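The block underneath contains the structure these notes are about, expressed in structure tokens.
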Amino acid sequence: MTDMQRQEIKIQWRNASLALAAVVTLILIAFFDTVRELVMTWWDKPEYNHCLLILPIIIYLLHERREIFKKITPKPSWLGILPLLGGAALWLLGDLADANVVRQFGLIIILQGCILTILGKRVVLGLLFPIFYMVFLIPFGDFLVPMLQDFTTVFVIATLNLFNIPVFVEGVFLSIAAGDFHVAEACAGLRFLVATVALGTLMANVAYKTVGRQITVVILSFAVPILANGLRASGIILIAHWSDMKYATGVDHLVYGWIFFAVVLLIFISIAMTFTNRGLNDGYIDFSKEYWSKNEAVPAKKFIGPLIISALLVMMAPYYTSMIEQRYQSFTDNHLNLEEATWGADVSKETYWKPQYAGASEAFYLRREFAASEAIDVYAAYYKYQTKDAEMIRFGNGVDQQDVWSRVENRVIKTEISGAEQSVNEILLQDGRQKRLVWYWYWVDGQLTASNYKAKLFDAKAKLMGGRLDSAIIAVSLLLEDGDIEQKRAQLANFVISLPSLETIVSGSN
């Protein structure tokens, strides 16, 4: 390659870098709220602290592939418009549904689409892994926690049975002769799982050349932390049992857990490194192939069109959401009218069971007394309009007040509401004093659903298609003492049958 060719490549990279920097800056400004939520999640949630390392890792990966910047010229490609539009649509869906993870996925895809539009297909193929690795900037995985809790519980039970230690199990609560244990959300192993998968995916690319070995390492990065967490939980309970609860409780619990995870991580890396097949001097691209040598001179003005189109498309989604939010004004006067004879009297100052739904326009803590059966507690939270600061379904909201109630088990059941069979969530809660059976469901765009995901989609559809913008969560509950749980279910079923439809009790203008 001649000095003139090198200089031409350098000039094209300068032009492309300026165009890409302009688009990225616009994205960071247009989607500032999403970027801020992303960074604050990295910083505030221990499960995703590892995301703070992803950007430095991506920079390292680009440095490893620096030869690409010397041998391949960037050339704008209109193919990037497809992922750009897809990312914008995904971000819009997430914004309408107030789903942070969906918004964040959309943001990353928008960035990836802009990279393809400005730099072109050959550069993106050469930098495919660093661009793909941007996915790990997204803090996702919370939906796995209940499944991880259940797996850990089953693993612990099997281990205790192996040692012939009697155990009583109720959901995620375990009791042995030495004491009681709770497989809490913090014990599910999500933090270790998501960090190990990010590490395993990185290792699969930098240490292995063949697809089979890369897939093997990624699978191991999923399997090892899940099994290791089961072993950790089992080990803690066994130590507590054998020491008569003197060890592996309290602070010891955390210390033993982190030491164990550190050892497991070292073992995982040691095993994975035994079958690496990428040498220190092995490149990621075979530049002797003709495809990588087909450079084309691209003048600076050729980057202006993709830059302008990308900028316009980037601005479309935030502008559209601002237009939709103007419809909120027609729902500002709405409120719920809950008649005491049907729903119950206010017990907000005395009830112990207090669901939390931050940002609700109105919240009701009620109790319906019955002559021949136990009283039923009712909770209702009404949202005139869901926004980023007032989401009905978000982390921290729920019928189980955090740090007070723990989930024993949950499921979806069918019951009659407003004259039709509907799905409702059933959850059995427990604290140190009592157990409580809770049924709850959502009312969104005039429809009832038990699904968090459907509730989000109904809300997005209502905002997009001109439906109802108000929504609500309804929960009914009663104490579960020594009585028959089927009898309690029947009592709740009889009560919800008598409830009027929410459309008839919402007053105001809409």
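Observations
- The Cα atoms of region 332-507 give a gyration tensor whose axes a ≥ b ≥ c have a/c of 1.5 or more with a/b greater than b/c, which makes the shape prolate.
- Note: relative contact order over the chain, using C-alpha pairs below 8 Å and six or more positions apart, is 14 percent.
- Paramagnetic reach from Lys45 in region 84-119 [backbone N under 14 Å; point 7 Å along Cα→Cβ]: 99-105
- Here the chain was treated as a single set of alpha-carbon atoms; its pair distances binned every 20 Å from 0 give 19, 43, 31, 8, 0 percent.
- Cα gyration tensor category, rounded, prolate or oblate, for region 139-209 with a/c compared to 1.5: prolate
- Placing dummy labels 7 Å off each Cα toward the beta-carbon, the span from Ser498 to Phe168 is 3.5 nm.
- Alpha-carbon centroids, region 127-169 and region 62-112: separation in whole Å: 29 Å
- In this calculation the C-beta distance from Trp242 to Asp150 is compared with R0 = 35 Å, giving a FRET efficiency of 0.85.
- Summary value for region 143-275: 24 percent relative contact order, contacts being C-alpha pairs under 8 angstrom separated by 6+ residues.
- What the Cβ-Cβ distance of Phe222 and Met465 gives, at R0 = 45 Å and to the nearest 0.05, is a FRET efficiency of 0.70.
- Once the chain from Lys121 to Tyr453 is taken as fully extended at 0.36 nm per residue, the excess over their C-alpha distance is 116.0 nm.
- Positive contributions from Lys and Arg (+1) and negative ones from Asp and Glu (-1), summed over other residues with Cβ under 14 Å from the Cβ of Glu296, come out at +4.
Throughout, read-outs are computed from the coordinates displayed, never taken from laboratory work. Just so we're clear, the structure is a prediction, and the values are computed from it rather than from any experiment. Glycine also receives a Cβ, built like all others from the backbone with ideal geometry; neighbour counts cover every protein chain displayed.
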